[in-house]
Structures are given as structure tokens and as C-alpha cells.
Amino acid sequence: MPLLDPPADVGITVSMGKGKEDGMAPIGAHKGPNRQVLRKRLDAYMAEQGLRSTDQRRLIIDTLFHAPSHLTVEELLEQVRRADPKVGYATVYRTMKMLASGGIVEESKFGGGFTRYELADQTSHHDHIICVDCGVIQEFEEPMIEELQARVAKRFGFELKMHKYELYGHCLNTQCPHRRAEAGAFPRQKH
């Protein structure tokens, strides 16, 4: 089966097998959280905590809600400063910690020592597949993984409360350093 670059706006759609005939469902892209619900939850949390809605805080939150997922504080700060160069690192950092405490964002560490943030999704669960070369992070949902973990938990006498599943590998993007090194574009760096 030839491997194609997936469209940028669609999740990974390539299955590891030949398709439905081999019994494997394609890996499904995660649809994402309901931003309206998160906004209402944020408003309620801020009112409950007695937190003010400052111009800079609103800008950070609006930028986050429209940005791609899995941002570091530094990446979010860069985007925020396009609209207001006076916003400081500490303001973004404190806002992200506040959003994490309120359950609006989730913090993850995918390697590299950086905390990344994504909007929380109470309505569904997703997992991650991460390229070890270019760092791209793709969210996905796979019912077979969910079924298997339920069977494993039952076999060992556990009631699952949560899980975190991360896959690491080389992505199929032809612009990824790994692919370019294979093609002889430049020597591969050791990690």
C-alpha cells in the first residue's frame, strides 16, 4: 500500500494494515473539544474564584482557543505578542496554570522537557502519536485500544479511571528531517 502525506487539516487516516479487509479500522482523528462549553466553564470558574477578566488574560485565552493544539507557553506567547507586544511570559504562564486548575486546559509532557497545553475535552478521550524527529503531535481515537484496555483492566481486577497512551515514531511527512535524511537531503543528526 503506498503511503501518502495526509492533508494538513485532517488527522492521520492511514491504517497500519491494508484497510478494512484486514480487520483494522483506520486511525480516526480526534474531533476536538466544544469551545462554547469550555468558555462557559471558564466563566463559571473565574467567577467562583473571584478572578478578574483583564484585557491581557482575554487576549491569551482567545488566542489559545483559536490556536493549534499542544502549545508551549513560549509558542502561545509568540502568538499573543503579535496582537500585544507588551504581554509578558509570566502573564501567559500564570494564565495557563489558572486554566489548568480550572480544567479548561490539560498539561502534557511529550518529551523534550516542555509542558504543552491543549483544550480539555470532557466529552471524549483521545490519545497521541508523536514524531520523534519533527515533533508533530497528532491526536487520534481508536476504539480497539479502548476495548483492549478495558479487557486488561478487568483481567487484573481494576476499574479504570483514566489512561494516557502515547505512540512515538517517525511521521510520514516528506518534509520531516527523518524523511529528508533518508532521501539524502542532509545527514541525520543523532538525538
(message) Run the numbers for ARG155 and LYS109: contour at 0.36 nm per residue of separation, minus the present Cα-Cα distance, in nm.
(response) 13.6 nm
(message) If I model a spin label at SER101 and TYR165 as a point 7 Å from the Cα along the Cα→Cβ vector, what separation in nanometres do I get?
(response) 3.3
(message) Let's test the formula: R0 of 30 Å, r as the Cβ-Cβ distance of CYS134 and GLN56. What FRET efficiency results, to the nearest 0.05?
(response) 0.40
(request) Just add up the charged neighbours of ARG41: K/R +1, D/E -1, any other residue whose Cβ is under 11 Å from the Cβ of ARG41. (result) +1
(message) With a 1.4 Å probe and all protein chains kept in place, how do ARG151, ARG82 rank by accessible area, largest first?
(response) ARG82, ARG151
(message) Taking the Cα centroid of the stretch 53-132 and of the stretch 156-171, what is the distance between the two, rounded to the nearest whole Å?
(response) 23
(request) Report, by chain and number, residues whose modeled amide H sits under 5 Å from the one on LEU71, excluding near sequence neighbours (fewer than 5 apart, same chain). (result) TYR117
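The values are calculated or read from the model by the stated rules, or taken from the named source; none is laboratory data. Keep in mind the model is a prediction, meaning the values are calculated, not measured. We place every Cβ from the backbone using ideal geometry, glycine too, and count neighbours over all the protein chains shown. Each accessible area value is taken on the protein alone, full model and side chains, heavy atoms only, with ligands, DNA and RNA left out. Shrake-Rupley method; radii C 1.70, N 1.55, O 1.52, S 1.80 Å.
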